[in-house]
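The values are calculated or read from the model by the stated rules, or taken from the named source; none is laboratory data. Owing to the predicted nature of the structure, the values given are computational and were not obtained by experimental measurement. Because the Cβ atoms are built from the backbone with ideal geometry, glycine has one as well, and the counts that use them run over all protein chains shown. For accessibility, only protein heavy atoms count, side chains too; no ligands or nucleic acids. Shrake-Rupley method; radii C 1.70, N 1.55, O 1.52, S 1.80 Å.
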Amino acid sequence: MKSNQKLRIIVGGMVGQYPVGGVAWDYFHYCLALHELGHDVYYHEDTWCWPFDPKVGYQVDSPDHTVGFIKSFFDTYAPHLSHKWHYLLLHEKSFGMTREAFDEVARTADVFLNVSGACFFPDHLNPRCVKVFMDTDPGYNQFVLSEKYAWSQNVERWCKQVADHDRHLTYAENIYGQDCVIPRMNFDWQPTRCVVTLPSWEKVKITPISNDAPFSTVMSLGYFAGKVEYKGKTYESKVPEWEKFRELPSHTPVPLALAVGGDKVLPETIRKLGWQWLNAAEITLTTEGYMDFLAGSAGEWSIAKNIYVDTHSGWFSCRTACYLAAGRPAVVQDTAWSRFIPSGGSGVIAFNTMEEAVEGLKEVTANPIKHRFAAYEIAREYLAGDKVLPPMLDSIFATKRENPTSPGPIPPSE
């Protein structure tokens, strides 16, 4: 089978488990983009987890909010897919499509694209269907596969499930780089990157930007569930990187806003340092609220997880892709992504140090029109579905290499 043929593709995700604005785009962009390329696409979710309700801040036993959130997204942003989603609560009760209708889709599917590896394989899946694990959390996933930390819940089952996929994609675009310390575990990792659908962000793109609009981001400041150690080094989430740049407002006149989740850094601490603080739970409660937040921003300034930075992973943010598609330039921390997506010129600028972060903000604010145009062009040339997905599908159907030591097909970067 060739990737340029019309394929029946099931996209697995975890939007129902975490029904918030940013998460929705992380997964649904794949549904929309694959549909744009002419494929027959379905969204399926079966994580065997109770859904999180952001209105109350914890998991609940009712799927009402989750089901309404998914339905609203497709009805609003992809009505052509409004009858092609299936949410399965605890592997028992179906919402959206009926169980019988989805089972028939599974029997004839060509690809099961398990984004983040969040879902269990659908029952009655076509035995010829290519099961694809997409690693969106590089470093963390490989370290768990390698070390099988005792604190990681159901770790043996999860490792087996990862191995049971036929193909393995990763957002660690630098995984074959000499300086990347992520273990490959004899998996045939195929580098890829996040995708964005440009028409979805056109309304935000044409929204005027006020003169006092801040550079912003949405982030969670917390810790991993346990110690992530590999070969004597400990890797962390975002808090260590936050500590490096917490004083940024005192080094630049550019207004900076953080929509923050997690409770490890208090709002009053953030405000005292000169940042504008917003509640991430409120900002991302709906897809519309998330988009409005980006629309009110001059661009993005953001850090990455320490584990992405210190492993030199090459990971690039799905959130940053949204800013760029919306014509909002980005000044974001480098993870080695700058080797694959142009940086330092226009549209998106990488930084490693405080001085580079300040200089990047200065450059973008000195010529905002130029950088807004360039931001969109970066999204169009490096993150749009017609650029990212054909090479990704080619890698899925390519001959699997044994004991790979070098990269296979990767998305174009020129």
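Looking only at T108, T286, T399, which one moves most when the chain is put into a Gaussian network model with springs between Cα atoms under 10 Å?
For the chain, modelled as a Gaussian network with Cα springs under 10 Å, the answer is T399.
Karplus couplings for the range 375-390 from phi (6.51 cos²θ - 1.76 cosθ + 1.60, θ = phi - 60°), rounded to Hz, Gly and Pro as x?
Along the range 375-390, the couplings run 4, 5, 5, 4, 4, 5, 8, 10, 10, 5, x, 6, 9, 8, 6, x Hz.
Indicate the gyration tensor shape class of the range 36-166 (rounded, prolate or oblate), computed on the Cα atoms with a ≥ b ≥ c the square roots of the eigenvalues: a/c under 1.5 is rounded; otherwise a/b larger than b/c is prolate and the rest oblate.
On the way: a/c = 1.80, a/b = 1.21, b/c = 1.48.
Judged from the Cα gyration tensor, the range 36-166 comes out oblate (a/c at least 1.5, b/c at or above a/b).
Of the accessible area of the chain, with the probe set at 1.4 angstrom, what percent is carbon plus sulfur?
Details: 8570 of 16950 Å².
Whole-percent figure for carbon plus sulfur exposure: 51.
How many Å² of accessible area per residue for the chain, probe 1.4 Å? Numbers along the way, then the final one.
Working: 16950 Å² over 414 residues.
Ligands and nucleic acids excluded, the figure is 41 Å² per residue.
Against the longest alpha carbon principal axis of the chain, how many degrees, from 0 to 90 and to the nearest 10, is the axis of helix 64-77 turned?
So the helix axis and the longest Cα principal axis differ by about 80 degrees.
Long-range amide H contacts for K84: which residues qualify at under 5 Å (H placed 1.01 Å from N, peptide plane, sequence gap of 5 or more or a different chain)?
Sorted by chain and number, the residues that satisfy this come to none at all.
Restricting to bridges with both residues inside the chain, how much of the DSSP beta-bridge set is antiparallel, in percent to the nearest 5?
Rounded to the nearest five, the antiparallel share is 15 percent.
Give me the angle, in degrees from 0 to 90, between the Cα long axis of helix 21-36 and the longest principal axis of the Cα atoms of the chain, rounded to the nearest 10.
With rounding to tens, the tilt is 60 degrees.
Label-point separation (nm) for K244 and N211, each offset 7 Å from Cα along Cα-to-Cβ?
3.5 nm
Which aspartates and glutamates, if any, have their Cα less than 14 Å from the Cα of K387, not counting same-chain residues under 8 positions apart?
Cross-link targets: E36, E377, E414.
List the aspartates and glutamates whose Cα sits under 17 Å from the Cα of K231, skipping any in the same chain fewer than 8 residues away.
The reachable aspartates and glutamates, counting only those whose Cα sits under 17 Å from K231, are E147, D179, D310.
Tell me, how many Å apart are the Cα centres for the range 1-66 and for the range 150-201?
Each part's Cα centre sits 18 Å from the other's.
When ranked by the protection proxy of mean other Cβ atoms within 10 Å per residue, highest first, what sequence do the peptides 381-390, 249-258 form?
Top of the packing list down: 381-390, 249-258.
Hey, with R₀ at 22 Å, roughly what FRET efficiency would W158 and E229 work out to, going by the Cβ-Cβ distance, to 0.05?
On the way: r = 18 Å, r/R0 = 0.83.
For R0 = 22 Å, the calculated efficiency reads 0.75.
Under a point spin-label approximation (7 Å from Cα along Cα-to-Cβ), what is the C49-E355 distance to one decimal in nm?
4.2 nm
Taking the chain as a Gaussian network, Cα atoms linked when under 10 Å apart, which of P329, P208, P183 shows the biggest mean-square fluctuation?
Of P329, P208, P183, the Gaussian network model singles out P208 as fluctuating most.
Note down the accessible area of W277, probe 1.4 Å, to the nearest 10 Å².
60 Å²
Could you work out which residue, out of S94, S210, S395, moves most in a Gaussian network model of the chain, that is, has the largest mean-square fluctuation with Cα springs under 10 Å?
S210
Can you tell me which lysines have their Cα less than 18 Å from the Cα of K131? Leave out same-chain residues fewer than eight positions away.
K2, K6, K160, K400
Let me cross-check T136: its accessible surface, 1.4 Å probe, with only protein heavy atoms counted, in Å² to the nearest 10?
30 Å²
What Cys residues in the chain are without a partner cysteine, judged by a Cβ distance under 4.7 Å?
C31, C49, C119, C129, C159, C180, C322
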